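Visitor: Dropping the structure in here first, questions after.
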Amino acid sequence: MDAPQQQDVAAAAPVAETGAEAILIRDLWKVYTRKKGMSVSSSDIENDELVEELDKGEDAVVAMKNVSLEINWGETFIIMGLSGSGKSTLIRCLLRLVEPTSGDIIINGENVTAMNKRQLVNFRREKIAMVFQHYGLLPHRTVLQNVTFGLKLRGDEKESRKEKAMDSLDKVGLKGWEKYYPAALSGGMRQRVGIARALVMDAPILLMDEPFSGLDPLIRRELQDEMIHLQKVMNKTIFFVTHDLSEALRMGDRMAIMKKGEIVQVGSPDEVIANPADEYVARFVQDEREHMRRAEEVLARDMAGKEGAAHVS
């Protein structure tokens, strides 16, 4: 097999046919190889028999298969799936923290898969921001220094950095905590710092990789509420990975369900729950469907009781 070749171009040209999409993912594949010296190229992906062989064998893992998605400007798009379904691989491919094996990623009209290293660094600093699951804070820097770190790398002036960071900390409810170090903060507060660090970059697109999954339920719901409020104010495009269906229902405009590296259904949360595409999705949303059924029964009993009371009176 031929080794995958990296494209190094002078400028990543905008793609004319992207239209109004904030993120356009076309035929994206990621194959991890286990065997030393083994590699997989784009041309290998076109061989269906070879892909099937790789998927069943022990020498490689097909983490993503032919993923295609269109994310609209201003929407919160949820990626869901069980552990190992490929959702975290997908979000990391968008920034090329993981290098795709094949396919195209077009973000804000720019072909991310065609960028060289310099262009990719500039793109990450200016056009997109990410909130990680485990905070990713620098322990030896204060809250303020953590939030301003990306601005410093970008070359913003010191006073401007501080002003933007203080405003961002205020948005996430951490005003007054700017001089503390991460070790002095709770888990929820550390995640707020991570969100503030992403918001301060003022990028139009925000990637969030299970940002609330390690938090207690009450803190998690509080941060969900806060992000919903901030989204109404900021109107960013949010690409949000989670395995929690209730979180997806609360936060998402649309969602995609992944299974073994493939997209099996895309739609609004209500559409997915009401009309699951297959048995896998039906099992995925079963608990929520049961919860909704019970809620409807309780409401029906409540209404019947009120009508009965009104009739007696």
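Visitor: Filter segment 1-23 down to the residues that are charged (D, E, K, R) and within 24 Å of residue 122 (Cα to Cα), then identify the one that is modelled with the highest pLDDT.
Guide: First, the residues of segment 1-23 that are charged (D, E, K, R): 2, 8, 17, 21.
Applying the additional criterion that residues be within 24 Å of residue 122 (Cα to Cα) yields 8, 17, 21.
On the way: 8: 41, 17: 41, 21: 89.
Among them, the one singled out is 21.
Visitor: Kindly provide the set of residues from segment 200-224 that are without any contact (Cβ under 8 Å) to a residue 40 or more places away in the chain and in contact with a Phe, Trp or Tyr (Cβ under 7 Å, 6 or more places away or on another chain), ordered by number. Working first, answer last.
Guide: Of the residues in segment 200-224, the ones without any contact (Cβ under 8 Å) to a residue 40 or more places away in the chain are 202, 212, 215-224.
Hits for segment 200-224 are 220, 223, 224.
Visitor: Please enumerate the residues belonging to segment 110-128 that are under 17 Å from the mean Cα position of the chain (by Cα) and of a type in the set (S, T, N, Q).
Guide: Within segment 110-128, no residue meets the criteria.
Visitor: Next question. Is it fair to say residue 112 is without any contact (Cβ under 8 Å) to a residue 60 or more places away in the chain and β-branched (Val, Ile, Thr)? First the steps, then the outcome.
Guide: On the way: without any contact (Cβ under 8 Å) to a residue 60 or more places away in the chain: no; β-branched (Val, Ile, Thr): yes.
When the stated conditions are applied, residue 112 does not pass them.
Visitor: Quick one: which strands (runs of 3 or more DSSP E) sit completely within segment 24-137 and have at least 2 residues that are touching a His at 6+ places or on another chain (Cβ under 9 Å) and at pLDDT below 95?
Guide: Values: elements: 60-72, 76-81, 102-107, 128-131.
Of the strands (runs of 3 or more DSSP E) lying wholly inside segment 24-137, those with at least 2 residues that are touching a His at 6+ places or on another chain (Cβ under 9 Å) and at pLDDT below 95 span 76-81.
Visitor: Hey, another quick one. Any idea which of (1) more than 20 Å from residue 254 (Cβ to Cβ); (2) in contact (Cβ under 8 Å) with a residue 60 or more places away in the chain; (3) of a type in the set (S, T, N, Q) is the one residue 47 doesn't satisfy?
Guide: (2)
Visitor: Check whether at least one residue in segment 110-122 is under 21 Å from residue 260 (Cα atoms), among the hydroxyl-bearing types (Ser, Thr, Tyr) and open to solvent by 10 Å² or more (accessible area, probe 1.4 Å), and report yes or no.
Guide: No.
Visitor: Then there is this: Given the condition open to solvent by less than 20 Å² (accessible area, probe 1.4 Å) and either touching a Pro at 6+ places or on another chain (Cβ under 7 Å) or over 27 Å from residue 268 (Cα atoms) (or both), answer yes or no: does some residue in segment 62-79 qualify?
Guide: Checked against the condition, which is being open to solvent by less than 20 Å² (accessible area, probe 1.4 Å) and either touching a Pro at 6+ places or on another chain (Cβ under 7 Å) or over 27 Å from residue 268 (Cα atoms) (or both), segment 62-79 yields at least one hit.
Visitor: Tally up the residues in segment 238-259 that are modelled with pLDDT of 90 or more, under 24 Å from residue 30 (Cα atoms) and open to solvent by 40 Å² or more (accessible area, probe 1.4 Å), please.
Guide: Of the residues in that region, 2 qualify.
The values are calculated or read from the model by the stated rules, or taken from the named source; none is laboratory data. Computed from a predicted structure; not experimentally measured. As a convention, Cβ positions derive from the backbone with ideal geometry for all residues, glycine included, and neighbour counts pool all protein chains shown. Please note that ligands, DNA and RNA were not included when accessible areas were found on the heavy atoms of the full protein model with its side chains. Shrake-Rupley method; radii C 1.70, N 1.55, O 1.52, S 1.80 Å.
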